Every structure is written in structure tokens, then in C-alpha cells.
Amino acid sequence: MIENDIRQRLFHGHLELLPQMNEIYELELAFVESQLLDNQELVDRGAYFAAVSDVPTNHFRLCAGGGLHLPDGTARKRRQFFVRNQFRTGYATHGLFPYRGKFHPQMVKGILNVMGLRPGDTVLDPMMGSGTTLVEAALMGIDSVGFDVSPFCQFMAAAKLDGFEVSLDPLDKAVRESESLFRFFGGIETGKVPLSGAAERYCPVQQPSAFSAEWFEPKVWSLLLLAFLDSVGFAERSSRQAPNIQFRGILERYAAVTRKLQQGRAALELPVGHAKAEQCDARSLPLPSSSIDGVLFSPPYSFAVDYVENDAPHLRVLGANLGDLRESIVGLRGRTLRQKFDTYVEDMELVLKECARVLRSQRCCAIVIGTNSNQLGKLFGKDPDQVDGLDKVMIRLAEVVGMNFVRRFERRIVGLANTMRDEDILLFRKQ
């Protein structure tokens, strides 16, 4: 009763909120959306509304219908997660590859709207991870450029963008012939089948003539290789199914995801924004000064996740040097926790300085960051409530490089209380 009263006070009667909205930060972002966007804009790119004056929103229509296709044998807990989060994640190509620590796509859409970005603008994600910002911006008609120092993240983000235009028939054929494909990928994993050094595709140097030539078209191959890497990670986490069966189920999911996205695009006549995913160190961005309309990213949770160890099976397949990569990822350099923290702060100041340099005057930068208070408390020998979380560290660093703190949206993290209790969306504006 109280919840309904709050909603009625915050939103006009012609705005119908999406189901499953039960967090304060979602209502906050939805309220700002309702203030900044007109009715047609809410229909076209609103994140938190099911309908506007009884007209279904694009977000509702993209997410509605059957949920994310999951292979047989998927754990009940994982199935329930996607049912509960039907409108938050798992739609478009966000549902490809369950990358640890990635954004909620719906939240990214809301943040892009709160930042005032519109179709034709360009948003930067300097630490793009799995490419959520780029995919979401593309769905909204916003151009984007993303960078990541990890070759696996660059490949994964590019593959998800390929899903917007990939040919569907070769993916269906790959499902039917998954056994022979799986054996071929096994040769790639063991190094018997070398991959080219082209980071954007990683195609095999020699392509078997017995295989469909369509499989080696760049966009098709990217998704096939990503599906195999997905199955490699799945096999490490679970032995409930044989690896070849897991691979087939993941291929089925990839084919279903891309088909649903492309059908949705066609039905909604979505103007897709141009997106570019590249491998690059965020401390030195290859972009002109004052060339970007908005910056949105999440710094690495290096205290909680060792990204090199976490992605090691995939990085090895792609031929990455794990030692060199460890020295490049923000937050992993250093032997002790204190050394890692000190270099993390130094590196993040350089990253934020670059973000401020490429951002246009009076435009916004949004940072999504967990507090990591438990780890910092151990580091400084204090109670977690007595130390400055990474949110306060980011605010200090951003203001040093010329970005004024505007406001925060606080999000409680479920399931990671021992590591991170809260996640903050910090909004800055360049002076």
C-alpha cells in the first residue's frame, strides 16, 4: 500500500512502471528519466517504464516474451535469476557470456538518460569489460567507443556487438554440427590449431575445407569462438554435463539471443548507434581532447576479483601473456594489498585525468563503483565503517582533475556482503 502511494506521488498516471522494480535507486533513476525525457523519448529509450499513455516502451518490448534461452541442465538458481531480472539483464546480446561483475544493462540505460545523452552523441567507456555500455548505447541510437586492456574483454565486447548484424543461418547450422565444431575448438584450446594474431577476430590460421565457409565470416566466427570460451568457463564451474553437451546448449542460446535481438530491432525499427571496441590502456586514451559527450564506466573491482586469474582459460586460448597483462590491469600491480591499493589510486587518477581531458565542457561522467569497505578496513586496521570507501576516493580524484561531483545513487549489492555491501552511481560534471 505504501509502495503504491510512493509511486503515485512520484509518477504521473500515464506512466506505467515495469514490474519487478523493488529498489530505491531504480525509482530514483526512473523519476529523473520522467523529468528529463518527454513522452516519446520515454517510449523510445526509457529504462524503467512499461508503457507511456498505454503505448508499450521499446525496452518493454525488447525484454518481453520468452526469457533468456538457457541450455538443459542450467541450475535452478540461475534460471530464477533471469526470471526475476527479466527487464534488468539478459536481453539483447547482454545475455551472451556471464561475465563476472558486469553492469545491469537496464541500469546503464537509465544512467545514459540521466547523463542527458541522446541519439547522435558519443559515450566513452574506458574500462568496458564485457561491453555492456556499448551494447546499451547502440540500442538507444547513441554512438560509443570502449577500451579495455584485456584482449579477452575486447574480443567479448566486439562479439556482442557483432550479434546485432550476424548472419543467423550459419549459427543454426553450427548448432546442428556442434560435435565437429567442438572437436575443432579443442585443437585451438590445446594449441594444435593456431589462431591469427589479429586481436579483433582471432580466426584460425588454417580453415578446414570440410567446414562451412560461412563459419569463418568475421561476425559469425566471433560468436562461435565466444560460445566455445563460454563453454570452457562453464566446464570449470560445473561438471553436471559433458563439455560437448554444454557447448551445444550454449550455441543454441547464442543463436536464440541474436535472433530475438534482430527480430526486435526490425519490429521496432531501432536506429542503432555506431560502436567501436578496442584494446587500450585507459591511462592513455587515443582520443582527441573535448571529443566525447559522456563517460560511463566501472573501475575494476581488483580487491574482489583477480581478473587475470578469473579469465585465464580464455586469455590462454587467445594467446595472451598473463604476466604482462597482470602488470597492466589497474589494481593488480604490487605484491602486498597496500601496494596494490596505492598503485590503484595512482592509476585511477591518471584514468580520470584522461576522462576529463576527452570529455566536453559541462558534460557528465558517471562512475559505478563498489565500496570495498571490508578490504580497506583490513588494509588500514580499522572498522570498515571508519574508512573511506572507494566512492569517496573517486570523488576526491575526480575533483582534482576538474570534474565536479553532482550526486549519487546508492544501490545495495545482494550476495556479496562479505566483499562489497553497496555500489554507488557517482555523477560528475566537467567544469
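The values are calculated or read from the model by the stated rules, or taken from the named source; none is laboratory data. Just so it is clear, the model here is predicted, and its values are computed rather than measured. Glycine also receives a Cβ, built like all others from the backbone with ideal geometry; neighbour counts cover every protein chain displayed.
Looking across region 137-158, the residues that are out of contact with any strand residue (DSSP E or B) (no Cβ under 9 Å at 6 or more places or on another chain) and buried (at least 24 other Cβ atoms within 10 Å of the Cβ) come down to L139, M140, F152. Within region 162-184, the set of residues being buried (at least 24 other Cβ atoms within 10 Å of the Cβ) and either part of a helix (DSSP H, G or I) or free of Cβ contacts under 8 Å to residues at least 24 places away in the same chain (or both) comprises L171, A174.
Scanning region 4-45 for residues that are at pLDDT 80 or above and charged (D, E, K, R) yields E16, E23, E26, E28, E33, D38, E41, D44, R45. Cβ-Cβ contacts under 9 Å between residues 6 or more apart (or on different chains), taken from a first residue in region 89-101 that is surrounded by 22 or more Cβ atoms within 10 Å (Cβ to Cβ) to a second residue that is of a type in the set (S, T, Y) and modelled with pLDDT under 90, are listed as G95/T89.
On the given criteria, is T132 polar (S, T, N, Q) and either touching a Pro at 6+ places or on another chain (Cβ under 7 Å) or within 22 Å of Q263 (Cα to Cα) (or both)? It would help to see each step written out before you state the result.
On the way: polar (S, T, N, Q): yes; either touching a Pro at 6+ places or on another chain (Cβ under 7 Å) or within 22 Å of Q263 (Cα to Cα) (or both): yes.
For T132, the condition - polar (S, T, N, Q) and either touching a Pro at 6+ places or on another chain (Cβ under 7 Å) or within 22 Å of Q263 (Cα to Cα) (or both) - is met.
Look at region 191-220: where a residue is part of a loop (DSSP other than H, G, I, E, B) and a partner is of a type in the set (D, E), sitting 6+ places away or on another chain with Cβ atoms under 9 Å, you get A199/E278; E200/E278; F211/E177; S212/E177. Scanning region 380-412 for residues that are on the phi > 0 side of the Ramachandran plot and surrounded by 13 or more Cβ atoms within 10 Å (Cβ to Cβ) gives a single hit, G402.
Residue-by-condition table, conditions (1) in a strand (DSSP E or B); (2) of a type in the set (S, T, N, Q); (3) modelled with pLDDT under 90; (4) in contact with a His (Cβ under 6 Å, 6 or more places away or on another chain):
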{"position": "F60", "(1), (2), (3), (4)": "no, no, no, no"}
{"position": "T74", "(1), (2), (3), (4)": "no, yes, yes, no"}
{"position": "T89", "(1), (2), (3), (4)": "no, yes, yes, yes"}
{"position": "L117", "(1), (2), (3), (4)": "no, no, no, no"}
{"position": "A138", "(1), (2), (3), (4)": "no, no, no, no"}
{"position": "F152", "(1), (2), (3), (4)": "no, no, no, yes"}
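From the list V317, V305, V295, the one residue that fits, being within 24 Å of S150 (Cα to Cα), among the β-branched types (V, I, T) and surrounded by fewer than 17 Cβ atoms within 10 Å (Cβ to Cβ), is V305.
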